[in-house]
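> Here it is, the structure, as structure tokens.
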Amino acid sequence: MSLGKVALALSGGGALGLAHVGALKALEERQIRPSFLAGTSAGSIIGALYARGLSVSEIEDIVQSIDRKKTIYLLPPSLPLGGLMDTKNFMSFMEELVGKETLIEDLEIPFVAVTVDFRNGNILYLNKGRLVDAVRASISIPGVFKPLKANGSLLVDGGLRENLPLRALKSFDYDTLIGVNVLKTPKLKMEGLYTEIKTDKPNYKPENGADNFFERILNAIQINKLKKLDHLPRLTYVGYQSILILLSELSNKEILACNPDLVLEIDMSSFNLWEFWRGKEAIDVGYNDARIQLENFLNNS
């Protein structure tokens, strides 16, 4: 069956967004190439590369070239003056890939990067100007990366308001609207539950061997995999889980509001937001999940 002109939205999700490459691969296998693209945060990176004309195979090679050492090089720690990590090396990397002066309006595929004006909370759809600046704005997680100063605004990560950018595509003349959501989680209940409060006695036991910041984060995240919470979660886990809940809820609300024809839900629960060195695994998961869901959609349409 023909889907006509396809508009494709790629969600944010840190390193989980590497799975978008696998989803694009599955779409191309079915001769589905988007006519319009929108990306938020990590989705804006993959979307920008694809809209610029890089093939899925080329993007796959780029992603798989990133190991732990290169991750640290691309996103080194920074003095906390607006952000914990410096984006200078990453942006130089993007400039090499898409061109320093490449304009969004000159791309092969019409593209929108989603960002938020931190001054007033308004969503901005960046569809003109330098591509690298649009990506830089869309990935600017508050507190992690410095906001981008542009046009008198402070631009930050679009995931604050629109993590799955379906709405950003509404102005295009498409026939089929598809989203790729890398933050698949158990569906949150839409209504609150009335219940009695019964406090538990905390049994806090610090993990052994957590000698550095990243190890402490990794230990904290393991709480998420336990079926029973026997002690109060650490601050790192609280922050991490809060982000996941917020982004998942935002994506779910976008799906309800925009009623897309298809949302490819990629299960990245075995990955963490910063594991950019697991590119091959992420692509494989994205490809397999998208291929199965896409096949079911096409067979039942």
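> Scanning for something over 24 Å from Thr71 (Cα atoms), modelled with pLDDT of 85 or more and either over 14 Å from the mean Cα position of the chain (by Cα) or not hydrophobic (A, V, I, L, M, F, W, C) (or both), does region 232-245 turn up at least one residue?
The answer is no; no qualifying residue exists.
> List every residue pair whose Cβ atoms sit under 7 Å apart, with the two residues 6 or more apart in sequence or on different chains, where the first one lies in region 280-301 and is closer than 15 Å to Val56 by Cα and part of a loop (DSSP other than H, G, I, E, B) and the second, anywhere, is open to solvent by 70 Å² or more (accessible area, probe 1.4 Å) and of a type in the set (Gly, Ala, Ser).
Matching pairs, first to second residue: none at all.
> So Glu281 ticks every box in (1) open to solvent by less than 30 Å² (accessible area, probe 1.4 Å); (2) modelled with pLDDT of 90 or more; (3) of a type outside the set (Val, Ile, Thr) but one. Which box is left unticked?
Glu281 satisfies every listed condition except (1).
Rundown of residues vs (1) modelled with pLDDT under 95; (2) within 20 Å of Ala38 (Cβ to Cβ); (3) of a type outside the set (Gly, Ala, Ser), yes/no style:
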site: Leu81; (1), (2), (3): yes, no, yes
site: Leu84; (1), (2), (3): yes, no, yes
site: Met91; (1), (2), (3): no, no, yes
site: Pro142; (1), (2), (3): yes, no, yes
site: Gly152; (1), (2), (3): yes, no, no
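> Which ones in region 288-301 are surrounded by fewer than 22 Cβ atoms within 10 Å (Cβ to Cβ) and not β-branched (Val, Ile, Thr)?
Scanning region 288-301 gives Asn288, Arg291, Gln293, Leu294, Glu295, Asn296, Phe297, Leu298, Asn299, Asn300, Ser301.
> Can I ask one more? For region 129-154: of the residues being assigned to a helix (DSSP H, G or I) and without any contact (Cβ under 8 Å) to a residue 40 or more places away in the chain, which is most open to solvent (accessible area, probe 1.4 Å)?
The selected residue is Asp133.
> Now, a different point. Condition test on Asp157, is it crowded, with 18+ Cβ neighbours inside 10 Å, without any contact (Cβ under 8 Å) to a residue 40 or more places away in the chain and under 27 Å from Ser78 (Cα atoms)?
no
> Picking from Leu49, Leu27, Leu37, Leu74, which residue would you name as being out of contact with any Phe, Trp or Tyr (no Cβ under 7 Å at 6 or more places or on another chain), crowded, with 18+ Cβ neighbours inside 10 Å and closer than 22 Å to Arg130 by Cα?
Result of the check over Leu49, Leu27, Leu37, Leu74: Leu49.
> Further question: Among the candidates Tyr125, Tyr174, single out the residue that is touching a residue at least 40 places away in the same chain (Cβ under 8 Å), surrounded by fewer than 24 Cβ atoms within 10 Å (Cβ to Cβ) and not in a loop (DSSP other than H, G, I, E, B).
Just one listed residue meets the conditions, Tyr125.
> Considering only region 91-102, I want to know if a residue exists there that is in contact with a strand residue (DSSP E or B) (Cβ under 9 Å, 6 or more places away or on another chain) and open to solvent by 40 Å² or more (accessible area, probe 1.4 Å).
yes
> Out of region 252-272, which residues are over 23 Å from Glu295 (Cα atoms) and in contact (Cβ under 8 Å) with a residue 24 or more places away in the chain?
Filtering region 252-272 down to residues over 23 Å from Glu295 (Cα atoms) leaves 253-254, 257, 270-272.
Within region 252-272, Glu254, Ala257, Phe271, Asn272 meet the criteria.
> What are the residues in region 103-121 that are out of contact with any strand residue (DSSP E or B) (no Cβ under 7 Å at 6 or more places or on another chain), closer than 14 Å to Arg161 by Cβ and open to solvent by 80 Å² or more (accessible area, probe 1.4 Å), if any?
Across region 103-121, the qualifying residue is only Asn120.
The values are calculated or read from the model by the stated rules, or taken from the named source; none is laboratory data. Everything quoted here is computed from the prediction, not taken from an experiment. Methodologically, a virtual Cβ is constructed for each residue, glycine included, from the backbone with ideal geometry; neighbour enumeration extends over all protein chains shown. For accessibility, only protein heavy atoms count, side chains too; no ligands or nucleic acids. Shrake-Rupley method; radii C 1.70, N 1.55, O 1.52, S 1.80 Å.
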